[in-house]
Amino acid sequence: MTASSSGVLRPSPLSAWLWLRRHPRQAAPLVAIQALVTALLVMIITPTNAFRATSEAYAEALARVTIASPLRQFAFDDDLLARLDANPGQAERVEAKMFWLKMPMIVGQGFAPLIAVPDDARDAFLERVGARLVEGHWPRPGTDDAVLHDSLITARGFRLGDAFGRLEDPADPTPGRFVVVGRLEGSARLGIVDHAYASRPASVLARTPPFQLVYAKAGREAESDAYLRDLVDDEGRSLLHVVDRAYLAERIDESLANLPVLLGFITAAVALVVALVTSLLAVVAFQARVDEFGLQLAVGHRVRTLVRKLARETALVATLGWAIGLGIGLTSVTLYRDLVLEPKGILMQVPDMRPILLSLLVPTLSTVVASFVIARRLRGMDPVSVIQRRGA
Amino acid sequence: MTDAETVIEARGVGLSYRDGQRHVTALHDIDLAVARGERVALVGPSGSGKSSLLFVLGGLRRPTHGDVLLLGRSLVGGADATADVRRRHVGFLFQEPFLVPYLTVRENALAHVPTAEASERVEALAVSIGIAHLLDERPHRLSGGERQRAGLLRALAAGPDLILADEPTASLDHATGRAVLDALAAHARDAALVVATHDLSMLDAVHRVLRLADGRQTPG
């Protein structure tokens, strides 16, 4: 021990660290409980961000353009197209169609967009969504060729030349049949098919109505989208269904609306159980140290000093367990992401601050509950009884 | 000795408490004043109130009536309320040394006074009572006499004005008990010492004896 500048000895004989260093075996069960529970919470909560991360990745392609489709009629007519073209924020519009490509999610399935754009509009579209062809060739006009983003090919286990669609597999929700002929890269996870093929009147693909891809002038996206949303008929009813970045974000939020409540409930319940277990173990440990605390009270320590000492010991053990658990949890979810999810095209954000912050509830609640329970016992402790019992 | 030198004073102190269904009166109107440098022994049979009086003098028990003055100031309140005063001014030596098992002898002595000044005092005291080589040992490695001397080290670490010792030699053999007693007497020169004991051989080390029976002072 050495004296600090204020003349106080460091480390203090009452320091929590000193206690922990000399009681590794007594602290181990508490550290282990905290670590396992924290790791469990990280491993349970982190993968839930895969819903959002993967959904957002699939939505990214659509978020970079605006999709407008008629709300009150099957297809655009000249009048509606004229009103569309009066949009002052519009740079260009392209007729397109969209189908959905089934993709695995962490639970259940999601859908990536499979977009049919005319040949002459393809390059501009791909530039806007940030995708480029890295293998194979573009869909040939009038054929069932499809180029897919690398992550979709990996996730579905395709190779170039493989076919998909309901005509190939009745369980596949994508209508018709397509053959993978190229691989795309870029941040937008989507597929491109030929617009002419997707518009053949005799094809089942014709049942899917066309929409307009609206490209806004640079910096005028909000103005353009607002114009589209505000288009109404004589009775004031919206004419268009507008899918823009805000709409997609709202839908994703909506689909995950109950998740934070569920996770909060799970975490709170787990933290409460751990806090009760911790306080029970703390009481057992306290009973084994009754002589020590009786003596400390007798020689002049205040109850609050000893409560603080025990709270620091509990907090140190709980924090140590939390840190170890965090390490185990993060390592586990990283391995899970790299080895299991990513090969299926499922994204997961690691580290995720939600489980890290939520799991802090475990050591915090443990420390508070254990300190409260021990404080009550210390307040009821009579040092004279302890001394006389041992001296008898 | 003048009033100014009085360290501890009990004025008409009485102590009653309930022990289950039983009402116990442990002390009846005890008057006692102990000056700095004075050594007083409390003697009497078991249950005579010796320990109770020590606990009242040290502020661990609140008297039912009467008053206790430490350095002229009333010791008001129970064990927690008087803790700061006790830590600074009172050294306790119990029959059992009550050493904290995970702390070394040095850490045990300094747990309630973790100051550089107390540390220097402990170093010097440890040399004079012959346990300097044990300062960094934990209690389980000490003999009974060494443990009691470690307890003495803790009692003296803060440089107390009042030392209260409850049967400090009861669990020691005669020679070891004598050594502890001599050390206690030698290092209590600047403090008031009140020692409760059954050991009549201790009486030649004190200036005055207060005899108790059934919680009352009895004539010597």
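The values are calculated or read from the model by the stated rules, or taken from the named source; none is laboratory data. Everything quoted here is computed from the prediction, not taken from an experiment. With ideal geometry, Cβ positions are generated from the backbone for all residues, glycine too; neighbour counts draw on all protein chains shown. Quick note on the areas: whole protein, heavy atoms, side chains included, nothing else; ligands and nucleic acids left out. Shrake-Rupley method; radii C 1.70, N 1.55, O 1.52, S 1.80 Å.
Taking A:TRP322, A:TRP17 and ordering them by how much accessible surface each has at a 1.4 Å probe, largest first, produces A:TRP17, A:TRP322. Loop-resident trypsin sites (Lys or Arg not before Pro) (DSSP state other than H, G, I, E or B) in the stretch A:126-179 with no more than 14 further Cβ atoms inside 10 Å of their Cβ: A:ARG159, A:ARG166.
Among residues other than B:ARG208 with Cβ under 9 Å from its Cβ, the summed charge is 0 (Lys and Arg +1, Asp and Glu -1).
Spacing of the modelled spin labels on A:LEU259 and B:ALA170, each 7 Å from Cα toward Cβ, amounts to 6.8 nm.
Available extension along the chain between B:ALA132 and B:HIS65 is 19.7 nm, counting 0.36 nm per residue and deducting the alpha carbon span. FRET efficiency for the pair A:ASP85 and A:LEU339, taken as 1/(1 + (r/R0)^6) with r the Cβ-Cβ distance and R0 = 35 Å, rounds to 0.10. Taking amide H as placed 1.01 Å from N in the peptide plane, A:MET98 has its amide H under 5 Å from the amide H of A:ALA116, each at least 5 places away in sequence or on another chain. Model label sites at B:HIS140 and A:ARG21, defined 7 Å from Cα along the beta-carbon direction, differ in position by 1.8 nm. Averaged over the residues of B:158-166, the number of partner chain Cβ atoms lying within 10 Å of the residue Cβ comes to 1.
Quick one: pull the percent of accessible area on the protein assembly as shown belonging to carbon and sulfur, 1.4 Å probe, ligands and nucleic acids left out.
Carbon-and-sulfur percentage of accessible area, whole number: 55.
Average 1/r across all pairs of distinct alpha carbons in the stretch A:224-278, invert it, and you get the Kirkwood radius: 14.8 Å. Applying a DSSP loop filter and a limit of 16 other Cβ atoms within 10 Å to the trypsin sites (Lys or Arg not before Pro) in the stretch B:167-219 leaves B:ARG189. Over the stretch B:6-218, Cα pairs under 8 Å with separation of 6+ residues give a relative contact order of 31 percent. The alpha carbons of the stretch B:6-218 give a radius of gyration and a Dmax of 16.7, 50 Å, in that order. Within 10 Å of the Cβ of each residue in B:88-98, the mean number of Cβ atoms contributed by other protein chains is 4.
Counting every alpha-carbon pair across the stretch A:132-279, the share separated by more than 28 Å comes to 48%.
Straight-line cross-link reach from A:LYS344 at under 24 Å between alpha-carbon atoms covers these lysines, not counting any fewer than eight positions away in the same chain: A:LYS102. By the gyration tensor of its Cα atoms, with a ≥ b ≥ c the square roots of the eigenvalues, what is the shape of the stretch A:110-200: rounded for a/c under 1.5, prolate for a/b over b/c, or oblate? Oblate shape, in that a/c is at least 1.5 and b/c is the bigger or equal ratio.
Here is the list for the stretch A:45-80: chymotrypsin sites (Phe, Trp or Tyr not before Pro) lying in DSSP coil, each with at most 15 other C-beta atoms within 10 angstrom of its C-beta, are A:PHE74. When only alpha carbons are used to place a centre, the stretch B:58-102 and the stretch A:354-380 end up 32 Å from one another.
A compact globular protein would have a Cα radius of gyration near 2.2 N^0.38 Å; the ratio found for chain A is 1.48. Computed over the stretch A:239-392, the alpha-carbon pair-distance distribution with 10 angstrom bins reads 9, 26, 23, 16, 12, 8, 4, 1, 0, 0, each value a whole percent. Given R₀ = 35 Å, FRET efficiency for B:ARG11-B:ARG189 by Cβ-Cβ distance, to 0.05? FRET efficiency, B:ARG11 to B:ARG189: 0.85.
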